[in-house]
1. Taking 29 Å as the cut-off for C-alpha to C-alpha distance, list the pairs among Lys103/Lys268; Lys1/Lys105; Lys1/Lys103; Lys172/Lys229; Lys11/Lys251; Lys162/Lys229 that go past it.
2. Whole number in Å², please: accessible area per residue of the chain, 1.4 Å probe, ligands, DNA and RNA not counted.
3. Given the options Asn250, Leu171, Gln101, identify the residue whose Cα lies farthest towards the positive end of the charge dipole of the chain (+1 on Cβ of Lys, Arg; -1 on Cβ of Asp, Glu).
4. May I ask you to derive the relative contact order of region 153-276, considering only C-alpha pairs under 8 Å and at least 6 residues apart, and to give it as an integer percent?
5. Over region 130-189, what is the mean sequence separation of C-alpha contacts under 8 Å (at least six apart), divided by residue count, expressed as relative contact order in percent?
6. Mind giving me the nanometre distance, one decimal, between the label points for Glu3 and Ala263, set 7 Å out from Cα along Cα→Cβ?
7. Which residue, Thr121, Thr100, Thr240, tops the fluctuation ranking in a GNM of the chain built on C-alpha contacts under 10 Å?
8. Quick one: putting +1 on the C-beta of Lys and Arg, -1 on the C-beta of Asp and Glu, what dipole do you get for the chain around its Cα centre, in Debye to the nearest 20?
Amino acid sequence: KVETIADKTQKPIGDIKTEIVDLSNKTGAAATDIAEATYQAISAGVDTSSAVSFVAQSSKLATAGFTDTTTAVDALTTILNAYGLEASDAEHVSDVLISTQNKGKTTVNELASSMGKIIPTANAMGVSLEDLGAGYSYLTAGGIATAEATTYMNGMFNELGKSGTTVSDILKEKTGKSFQELMNSGYSVRDVLDILQQSADEAGLGFNDLWSSQEAGKAAMALLNTDTKDYNDTLKDFQTTQGDTEEAFNKMADTTEYKLKVAMQNGKNALMQLGD
């Protein structure tokens, strides 16, 4: 299956197979699962020459994020493609996902099944992956399920960025800039909510009265209940995160269950190679 789409001028299929089996031996994931993840990675635009190393990063994310390698590949490639990032950025993206899991009440598995619905909106509105991760961490830590947090924030971003809404008009009046322009100039989502709250206070309105949809209002109110400095400090942590995936993976890899899984998979791969 991999051979049907691999660019064999970049790497011979025999070398790819060897890399897949080696990765299977190291991680305990089935070689067939790694091959499937490699196929998905190449299909999503990862170069054949670096596809297995990309899957290796995805495999660490899968172990640390309580999901399978194919799901991790799908999450990483979706984010990379939406934000126009390179495969070399996968490690940072992976660290952001693990940081979201650590700071919130969610898992990478839950994020992977939901984030595809909001990433196009967030990217179009200039909301960075790190800001999105911070939003998820606060909403889920506050008791909102990952799927609902996705719906609520999606509604909030759409309302903030759509011309003619109350909140969009307030931002334009107060700053002379659209939501997208504020995001691109370095504001955080929480900074924008401060501008809206101040405007509501000046007009004698409730903050919730500014929003036309309940979903958008729920996300905005939940984030408004966080301290601005705390939110922005968390955002900075997301922007500078490094090694979170590796640390979480090492903890999981040090368990008896993981070591047994690796040993059993090495035996299966030895039989498969003997059959070859």
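The values are calculated or read from the model by the stated rules, or taken from the named source; none is laboratory data. A quick note: this is a predicted structure, and the numbers were derived from the prediction, not measured. Virtual Cβ from ideal backbone geometry, glycine too; neighbours counted across all protein chains shown. To get the accessible areas, we keep the full protein, side chains included, count just its heavy atoms, and leave off ligands, DNA and RNA. Shrake-Rupley method; radii C 1.70, N 1.55, O 1.52, S 1.80 Å.
1. Beyond 29 Å: Lys103/Lys268; Lys1/Lys105; Lys1/Lys103; Lys11/Lys251.
2. Working: 12870 Å² over 276 residues.
Here the per-residue accessible area is 47 Å².
3. Asn250
4. 23
5. 22
6. Computed distance between label sites Glu3 and Ala263 equals 3.5 nm.
7. Thr240
8. Here the chain has a charge dipole of around 460 debye.
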